[in-house]
Structure formats: C-alpha cells, structure tokens
1. In this structure, does Leu172 turn out to be in contact (Cβ under 8 Å) with a residue 24 or more places away in the chain, assigned by TED's automatic domain parsing to the domain that holds Leu122 and part of a helix (DSSP H, G or I)?
2. Given (1) at negative phi; (2) modelled with pLDDT of 95 or more, identify the lone condition not met by Gly99.
3. Determine which single condition Asn159 fails, assuming it passes every other condition in (1) part of a helix (DSSP H, G or I); (2) surrounded by 18 or more Cβ atoms within 10 Å (Cβ to Cβ).
4. Which pairs turn up if I take residues in the range 144-169 that are closer than 10 Å to Glu207 by Cβ and look for partners that are among the β-branched types (Val, Ile, Thr) and part of a loop (DSSP other than H, G, I, E, B) with beta carbon separation below 8 Å, at least 6 apart in sequence or on another chain?
5. Got at least one residue in the range 183-205 being outside any helix (DSSP H, G or I), on the phi > 0 side of the Ramachandran plot and within 18 Å of the chain's Cα centre (by Cα)?
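The values are calculated or read from the model by the stated rules, or taken from the named source; none is laboratory data. Keep in mind it's a predicted model, so treat the numbers as computed, not measured. Don't worry about glycine lacking a Cβ; one is built from the backbone with ideal geometry, like all the others, and counts go over all protein chains shown.
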Amino acid sequence: MRYMQQEIISSDHTSSQVLPNGGFIAKIGVLAMSSTPLNQLRDLSLVLVLLFLIDGCRPSTVSDPSGDATQSFVMNGLVEQVQRITYTDLQKMNQHKLGAIRLTKGNGEVYLELEAATGILLKDILHSVGVKGLNNKNYSSYYVVCTATDGYKTLYSWNELFNSPLGDQAYLIMKANEQSLPELEESIMMVSLADKITGKRNLRKLESITVMTAI
C-alpha cells in the first residue's frame, strides 16, 4: 500500500505524519504563519480544511453496519450440493424458545438484549444438507465458517457442534422483540449462548455457511 505523506512546515519546526490513502503520494507545505492575528487565523483555517480533505480520502477500516438485512444464505463448501437456504426453508425447521438473551462484551457489559427470542440450531441446518467425506477418522478436522455481508466471520468446529453442549446453544435467530426474521434489522443473526462472552460469536446479516476441513 502506498501512503500520503502529510508534511506541515511552521516557522520553527517541521513535523510529518503518514496517512493511508487510495494510492498516491502528495506533500502539503504550509508556509510560516503571518504575523497578524487575522492572517494567522486565516492560515490555520486553511490548514484544517486541507487536513479534513486528506482524512476524507482514507479508506475505512471499520465494518459497515449499514445495509439491508438478509433473509437467506448460501450453504457451500463440503456439502453434497451448494444451495440457498431461504426464510421459507427455515420456517419448516424445528424452532426453540430461547426467552431473553443478553449479549455481552469482554468486560461483561451487555450491548444487545433480545426478548422472547426463538431460534433454529445451527447443527439442525447442517443435518439438513449432505456433507461430503465425513467419517470417524476425519470427524475432528471438519469445521464451519459463517460469514456476514460485511465480511465478519465466526467459526465452529464439528466437535463443538456435534460432540459438546455448545451444539445445543448455537442458533440462528428466527424471532425476537415481537419481530419475525424478515422484520429484524440485523437478520439473519447468529448467537452462541454457551460462550463465556456471548458477543464474540454474535454474527449479523448472515450471507453464507461454509463447511470445511483442516486436512
């Protein structure tokens, strides 16, 4: 990646800062401030405007929370057939009453609350599609990657889902806060309620579920 070199020249020193940029190098020199207060204010305003314009050229490194909610997702990877799972498909699956859900940060702070939630187990969705090559010898090498529309990913090992209590606590949310999946702003949402920090694997706007193996 190439960077923009921002260089500010004042009357008594020079300082510089490297800023990420869309792919070119530029230098901005600001002459020594004028002696009168009015001119100093004018020159300072010019500097601030230029810095604002430069900063606006930098690409964002934060996931974009905007965008439409999803109502379907693709099952791919080591599955018998790549397919799109729709809201209609999900409605046919067994739904579990989850009650109130509190999603927490690493410091224990609750950042999202869901009331009267219902959900579908992730492992039930995996059961509904055929998985290629799975056997007793490679069972522990299989894992599942869930990806959101903004690129955020969560991972579950096959043993977690099918050989531990966590498999009974990893859900796709179908209803919460008196809203069904199509009405929920962050749908399709996934939660892992057996995790110590429940927010770590909270994924929103699910786009795909990929079955993979480490070998």
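1. no
2. All conditions pass for Gly99, except number (1).
3. Against the list (1) part of a helix (DSSP H, G or I); (2) surrounded by 18 or more Cβ atoms within 10 Å (Cβ to Cβ), Asn159 comes up short only on (2).
4. Thr149/Thr70
5. Looking for residues that are outside any helix (DSSP H, G or I), on the phi > 0 side of the Ramachandran plot and within 18 Å of the chain's Cα centre (by Cα), one finds at least one in the range 183-205, hence yes.
Residue-wise test of (1) farther than 15 Å from Thr210 by Cβ; (2) more than 22 Å from the chain's Cα centre (by Cα).
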residue	(1), (2)
Ala116	yes, yes
Leu122	no, no
Ile125	no, no
Val129	no, yes
Gly133	no, yes
Val145	no, no
Tyr156	no, no
